[in-house]
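The values are calculated or read from the model by the stated rules, or taken from the named source; none is laboratory data. Here the structure is a predicted model, which means the values were calculated and not measured. Positions of Cβ are generated from backbone atoms using ideal geometry, with glycine treated the same way; all protein chains shown enter the neighbour counts. Just the protein is used for accessible areas: all its heavy atoms, side chains included, with ligands, DNA and RNA removed. Shrake-Rupley method; radii C 1.70, N 1.55, O 1.52, S 1.80 Å.
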Amino acid sequence: MKKLFKIGCLVLLAFIGFSIVMTVIFYPSDEEIEQMTALKEKEKQEKVDKVKRNSVQKWASVDLNVRTSPEIKEGIFSDNQKTTLKENQMVLSLKEMDNGFEKIYNSEYLEIGWVSSKYLMNKPYTKSQITQREKEIKKKQKAENRKKLIDSQFSSLDGSHYGLVNYVKNQMNDPKSFEHAETKFRDDGNSLYVIMKFRGKNSFGGLVLNEVSARVDFDGNVVETLSYN
């Protein structure tokens, strides 16, 4: 065993020594390192000069994902997302196209990545266009917020309106017998018009179908009962 151990150690030492010798032999000299560095800098400068001479200006029409490659696949777990462009941000292009994507460069003539060419414009938005787009964005956001506010008043399970259900149960002879059947609504601007069909036991104990219509505010409160049959 001791003999095998010694042989193993000698082999290991010989390997380490060989590695050191090969590293010394093939490791580039300071002069070679300087030459390689200079070559890389020259190649980089040539690319910059090419972009400077031949590029055209383009602008992002929307906030835009920049990819590391022009491949289609991109998602949450993909490494193909690099950065983003802001709407109306200027970039430079050599019109290098691949798979519907275009390679873009920044104002310092350095490569940024690839973007979908259909979202690049040849002219920037004017001040009036920017103002109009800001209005449209605010209008869209307001509509989305309103929809979320309205949706929050209704059950995602059966579509019933929480406030109207509570109101009706407080009026019933037997609240535990309440069974929701159907709810419809209309947004009237300042309030919601809600119609609900439901079943419940009457004073004789029979299960009957009823309908109630009401106006509710945007806090979900019933402000006016219009009909109750």
Set of lysines near LYS139 by C-alpha distance (under 16 Å), chain-local residues within fewer than 8 positions excluded: LYS147, LYS148
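Calculate, in nm to one decimal, what ASP98 and GLU43 gain on full extension: separation in residues at 0.36 nm each, minus their alpha carbon distance. Present the calculation step by step, with values, prior to reporting the outcome.
On the way: separation 55, 0.36 × 55 = 19.80 nm, distance 2.30 nm.
In short, 17.5 nm is gained.
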Accessible surface, per residue, of segment 88-131 when the full set of protein chains is kept, probe 1.4 Å, Å²: 59
Those lysines that a straight Cα-Cα span of less than 20 Å connects to LYS103, excepting residues fewer than 8 apart in one chain: LYS44, LYS47, LYS50, LYS52, LYS58, LYS73, LYS82, LYS86, LYS95, LYS118, LYS123
Computed E for TYR162/ASN229 - FRET, C-beta separation, R0 25 angstrom, nearest 0.05: 0.70
Formal net charge of residues neighbouring GLN132 (Cβ-Cβ distance under 14 Å; K, R +1; D, E -1): +3
Accessible-area composition of segment 106-196, carbon plus sulfur, in percent [1.4 Å probe]: 49
